[in-house]
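Structure first, then comments.
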Amino acid sequence: MKSYVIGLDYGTDSVRAVLINTGDGAELAKAVYLYPRWKAKKFCEPAANQFRQHPLDHIEGLENTIKEVIKNSKVDPKLVKGICVDTTGSSPIPVDSKGEPLSLQEKFKENPNAMMVLWKDHTAIQEANEINALAANWGGEEYTKYEGGIYSSEWFWAKILHIAREDQEVKNAAFSWMEHCDLMTFILCGSSDLASFKRSRCAAGHKAMWHEEWGGLPSKEFLRQLDPYLAELRDRLYEKTYTSNEVAGNLSEEWAQRLGLTTDTVIAVGTFDAHAGAIGAKIEEYALVRVMGTSTCDIIVSSKEVIGTNTVRGICGQVDGSVIPGLIGLEAGQSAFGDLLAWFKDVLSWPLDNLVYTSDVLSDAQKSQLREEIEQNFIKTLSEQAEKIELSESIPVALDWINGRRTPDANQELKSAISNLSLGSKAPHIFKALVNAICFGSKMIVDRFEQEDVKIESVIGIGGVARKSPFIMQTLSNVLKMPIKVASSDEAPALGAAIYAAVAAGLYPNVIEAGRKLGSSYEAEYYPQQGNLEELENHLQAYRELSSFIEETVNAKKQLI
C-alpha cells in the first residue's frame, strides 16, 4: 500500500509544505504561504536590527499549506503517515504554562517583545557579549566550547535575556520559551504539557548550549550570574532532547479535523531548516552542504571516531545527532548572503519607488507593467553585466557583513564596507564586488573547517540562489577551488523534513537509508575555471585586508566606549 509524508518548512518570508511518496520520493504536491504580517513589515525595526514575527503567520500558514497539498494531491488522508516541521533558528518565543504563545493573548497581540524573535534579530548583542565574558572567566564549565567558543546574539539565551530586561510585563507572563520548530510541533500534537514534550536536539545543542557532557543546559549557577531570571527559567525548560527521527506525538484531534487528516499521522520531533536541507540534499561524510538563501548555513557531518574530542573554533556548534543520528553535525554560515544582494537591489530601486512609480506621467497599468518587468530582470541583468567584467579590471572590494558576521567567529557588531570605488565604478562593478564578497565569506568558513582538521571533499548547494544564479555558483566554485553540485529540488529543507517524518513513522529504518531513497537528485555541477583563479586570489587578499581593517576599527571604537 502506498504511503505519504509531509515536510513543512518555515523560512524567513514564507512557509512551504511538500507531500512526498515514500516509495520513490516523488513530490506529489507543494504549497507556499507568504506571511502577511511579516510582508507588511509589522513588529520590525531594521535600523535597530529588530526582526519579530507573529505566530499567527505561522499557524495560518500551517493550515493553508497542508490543506492545499492534501487537496491538490487527492491522496487518501489515511495514507499520510507522518509530518515533520523545520524552521529558522534560533527563533525563540515566550509561552504561558500551557505552551500558548503570549502574542496570541489579547494583552500582548501587538507587543513585538511577545512575538517570535527571528534568527536575524540582533538586538541582543550586549547580552551575547556578557555571555561570552562570563563563559570565559567564571571558573566553571566552558559552556560555549561546543558552540564554536563564541555565543551569538542570534541565539536562544541572549535573545531571552534581552527581552527580559527590556519588557518586565513579558518577562513576568512568560512561563517558558520555545524554539519555533518546537512550538509548531507542539501545536500539531495538541499538547499542553510542556514538561513531557520532546524538544529538538538540533535547536538545543546548536543554540542553547545544551550538551550531554554537562547533563543538559548550562547550570543554574552559571545562568544566575547572568540574571536570576535565567536560572529560574531553566527549571521550566528541559533536560533531555531528541533527534528528528523520533516521534514527538500524533496529530491531535483538533488539527486532524482542521487539516483533513487523521490522528494516526505521526508528528516527528522538529528541526532547523538547514539541517533538514542537508538531509534533503543527501549529505554524507566529508560533504559540505551550503543552504543558500537570505543567509547561508553550512552543514557537515562527521563520525565520532574522526572528530573525536576536537572542538572547532568559531562555528555554530557541533552536536551529536543534530543532522543524522549517530553522527556529529557541525554548522557554520553567513548572516547575509542573498540579503546582501537584496540590500543593493533596494538601494538601486529607491528612484523607481520614489520617482517613477509615483509619477503622474505613467498610468497605473503602465506602472504595474513596468514594475513587473523590472522585477523579473533586475538581478538577471546585473548578473549578466557583472559577469562580463574582467577580473583584471578595477573592481571594488566589499565585505559581506551587512548583517554582522556569523562565522567564523561570530561578531554581529561588525559592519559591511566597500573600498576601491572610482568614477568608473558602475552598478555592475559594485554588484560583482558584492558577489565576490559573499563567496569570499564562504571561503573563510571552508578555510576554518580545514584549519581545524575537518576534511571537505565535495560541496553541495541548495536553495534559491544555488538554483537560480549560475554566475554566483561559478564564482563560488572558482573561489573555493572545488566542484559544486546543485540539488535539483526547489524545496530541499521541506524534503529533508519529510524524510525525517518517514523514519519517525517507521517507513524506513534510519535517516541514511531514507535519504538515499527519497533525497534530491542533482541538476548542475560547477568546476573551477583555471584562468580566473590567480586574479581571484588578488581580490581575496584585498578582502582579507579590508576585513582586518574594519574589524580593528570596530574593536578600537568598543575600547574607547
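The values are calculated or read from the model by the stated rules, or taken from the named source; none is laboratory data. Here the structure is a predicted model, which means the values were calculated and not measured. Cβ placement follows ideal geometry from the backbone for every residue including glycine, while neighbour counts extend to all protein chains displayed.
Couple of notes before you dig in:
- Only listed residue being closer than 24 Å to E413 by Cβ and in the same structural domain as P493 (by TED's automatic domain parsing), chosen from A48, A40: A48
- Per the conditions (1) under 18 Å from the mean Cα position of the chain (by Cα); (2) over 20 Å from Y151 (Cβ atoms); (3) in the same structural domain as I512 (by TED's automatic domain parsing), the sole criterion not satisfied by L288 is (3).
- Those residues of segment 367-409 which are surrounded by fewer than 16 Cβ atoms within 10 Å (Cβ to Cβ) and among the hydroxyl-bearing types (S, T, Y), in sequence order: S368, T381, S392, S394
- Restricted to segment 208-265, and to residues there that are in contact with a helix residue (DSSP H, G or I) (Cβ under 9 Å, 6 or more places away or on another chain) and aromatic (F, W, Y), the residue that is surrounded by the most Cβ atoms within 10 Å (Cβ to Cβ) is W210.
- Failed criterion for K304 (all others in (1) in contact (Cβ under 8 Å) with a residue 12 or more places away in the chain; (2) surrounded by 18 or more Cβ atoms within 10 Å (Cβ to Cβ) hold): (2)
- Of the residues making up segment 427-472, just one is more than 23 Å from the chain's Cα centre (by Cα) and free of Cβ contacts under 8 Å to residues at least 24 places away in the same chain, namely Q451.
- Hey, L8 among the hydrophobic types (A, V, I, L, M, F, W, C), at pLDDT 95 or above, within 30 Å of I402 (Cβ to Cβ) and buried (at least 18 other Cβ atoms within 10 Å of the Cβ) or not: yes
- Index of the failed condition, A133 passing every other in (1) in contact with a Lys or Arg (Cβ under 6 Å, 6 or more places away or on another chain); (2) surrounded by fewer than 24 Cβ atoms within 10 Å (Cβ to Cβ); (3) assigned to a helix (DSSP H, G or I); (4) not β-branched (V, I, T): (1)
- Within the set Y500, Y543, the sole residue that is in the same structural domain as D264 (by TED's automatic domain parsing) and hydroxyl-bearing (S, T, Y) turns out to be Y500.
- Condition check for D339: exposed (fewer than 14 other Cβ atoms within 10 Å of the Cβ) and either at pLDDT 95 or above or of a type outside the set (G, A, S) (or both): no
- Checklist (1) of a type outside the set (G, A, S); (2) at pLDDT below 95; (3) under 30 Å from D409 (Cβ atoms) applied to Q530, failing item: (3)
- Residues located in segment 91-117, provided they are closer than 17 Å to A410 by Cβ and either at pLDDT below 95 or part of a loop (DSSP other than H, G, I, E, B) (or both): S91
- The set of residues in segment 521-561 being of a type in the set (F, W, Y) and exposed (fewer than 14 other Cβ atoms within 10 Å of the Cβ) consists of Y527, F549.
- Put simply, of L19, L56, L62 the only residue that is assigned to a strand (DSSP E or B), assigned by TED's automatic domain parsing to the domain that holds A256, touching a residue at least 24 places away in the same chain (Cβ under 8 Å) and among the hydrophobic types (A, V, I, L, M, F, W, C) is L19.
- Of the residues making up segment 395-442, those that are of a type in the set (S, T, N, Q), closer than 22 Å to S349 by Cα and out of contact with any Leu (no Cβ under 6 Å at 6 or more places or on another chain) are N403, S422, S425, N436.
- Looking at K345, K240, just one residue is over 21 Å from I150 (Cα atoms), at pLDDT 95 or above, among the charged types (D, E, K, R) and not in a loop (DSSP other than H, G, I, E, B), and that residue is K345.
- Restricting segment 450-471 to residues that are in contact with a strand residue (DSSP E or B) (Cβ under 8 Å, 6 or more places away or on another chain) and more than 22 Å from G515 (Cβ to Cβ), the residue that is modelled with the lowest pLDDT: V465
- Counted residues, segment 267-300 - those being of a type in the set (V, I, T) and either surrounded by fewer than 24 Cβ atoms within 10 Å (Cβ to Cβ) or more than 27 Å from P92 (Cβ to Cβ) (or both): 1
- Among the residues making up segment 39-61, those that are crowded, with 21+ Cβ neighbours inside 10 Å and touching a His at 6+ places or on another chain (Cβ under 9 Å) are F43, F51, Q53, P55, H58.
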